[in-house]
Each structure stands twice: as structure tokens, then as C-alpha cells.
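Report on one structure; see the data block that follows.
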């Protein structure tokens, strides 16, 4: 009994591995877009923090609260910027072989013991599938690290947003109370 998969099965496996490879490379692009958007949010939060610092007289009545929160906010913003840059740092993704790169291998297999074209095609599909799965694994590791940096950058931003909202509320409340 022959245990080698049929040509149709080899083709299906190859197509599935190529789709997984495309998805993994696309995920890297999506992570970069998210990081870029988060960087814009950080710039916006830096501007808000700067304006809150400039509106010191409203917040000066609570220096024991304002100063540590402001320092924490600055630290978290700086941390998120560093994490975003680590996420955006260029990485070398594993790519499929260039067109024509397999031609020499195909010719070698054809000459090797007079293999038939169908055998060469099956071996080529198997080789491509194994290569695609290896690249999915390598690119998945890259995306996993990028995703981790992005997750921690988001986690650093959440307290900054809450701190800035609290400072804005304090400032607004003090302005309302001074108008009476």
C-alpha cells in the first residue's frame, strides 16, 4: 500500500500553507498600522499633558496629587513610545523563494534517476509546503513579539488617559467653582 499523499491532497496542503503564510505576513502589517495609530494617540496625549501642565494655577491647589500623577503620566507616555518603536522596528520576515529560484532544483530532480514529472511536482509541492510552514513559524514568532510590545504600549496608555481625564475634571471643577 502506498502511503504517499495523492497529488490533489498535496496541492490542497500546499494551498493551505500558502494561505497561512499570507495571513501571517498580513498580520505584521496590521500590527504596524495599529502601532502607528497608537503613536498618534500618544502625541495627542502628550499635547493634553502639556496643556494641563501649562494650566498649573487650576491644579496648583492639589500639588501633592498633581505632581506625582503628572510624573507618572510622563513616564507612562515615554514607556509607550519606546514600546511602540520596538514594535515598529523593521524586522526581516521570511519570504517565499523568488521566481525561478527553484528551477535548478527542479532540473536536478528531473535528471535524478529519471523521475517522472508527476513525482517531481509532488516533491516540489511538498518542499514548498514545508518551506511555507517554516516561514509561518518564523513570521509568527516575529508577530508574537510585535504583538506583545503593542499590548504593553496599550496598557501603558490606559492609565495616562485616566490621569488626563481626572486632571481635566479637576481643572474644570475648579474653574466652575471660581466663577461663583
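The values are calculated or read from the model by the stated rules, or taken from the named source; none is laboratory data. A quick note: this is a predicted structure, and the numbers were derived from the prediction, not measured. Please note: Cβ atoms are built from the backbone with ideal geometry, for glycine as well, and neighbour counts cover all protein chains shown.
Out of the range 58-90, which residues are modelled with pLDDT under 70 and part of a helix (DSSP H, G or I)?
58, 59, 63, 64, 65 - these are the residues of the range 58-90 that are modelled with pLDDT under 70 and part of a helix (DSSP H, G or I).
What is the number of the single condition among (1) modelled with pLDDT under 75; (2) exposed (fewer than 13 other Cβ atoms within 10 Å of the Cβ); (3) under 30 Å from residue 166 (Cα atoms) that residue 113 does not meet?
(3)
In the range 127-180, how many residues are touching a residue at least 40 places away in the same chain (Cβ under 8 Å) and under 28 Å from residue 68 (Cβ atoms)?
Selection size over the range 127-180: 19.
If a residue has to be more than 28 Å from residue 36 (Cβ to Cβ), at pLDDT 80 or above and in contact with a helix residue (DSSP H, G or I) (Cβ under 8 Å, 6 or more places away or on another chain) to count, how many in the range 157-174 make the cut?
Here the count works out to 0.
Only one of (1) under 17 Å from residue 169 (Cα atoms); (2) out of contact with any helix residue (DSSP H, G or I) (no Cβ under 8 Å at 6 or more places or on another chain); (3) surrounded by 12 or more Cβ atoms within 10 Å (Cβ to Cβ); (4) at pLDDT 80 or above fails for residue 47. Which number is that?
Of everything listed in (1) under 17 Å from residue 169 (Cα atoms); (2) out of contact with any helix residue (DSSP H, G or I) (no Cβ under 8 Å at 6 or more places or on another chain); (3) surrounded by 12 or more Cβ atoms within 10 Å (Cβ to Cβ); (4) at pLDDT 80 or above, residue 47 misses just condition (3).
If you check residue 110 against the conditions, is it in a helix (DSSP H, G or I), over 21 Å from residue 38 (Cα atoms) and in contact (Cβ under 8 Å) with a residue 12 or more places away in the chain?
Considered against the rule, which asks whether it is in a helix (DSSP H, G or I), over 21 Å from residue 38 (Cα atoms) and in contact (Cβ under 8 Å) with a residue 12 or more places away in the chain, residue 110 comes out as no.
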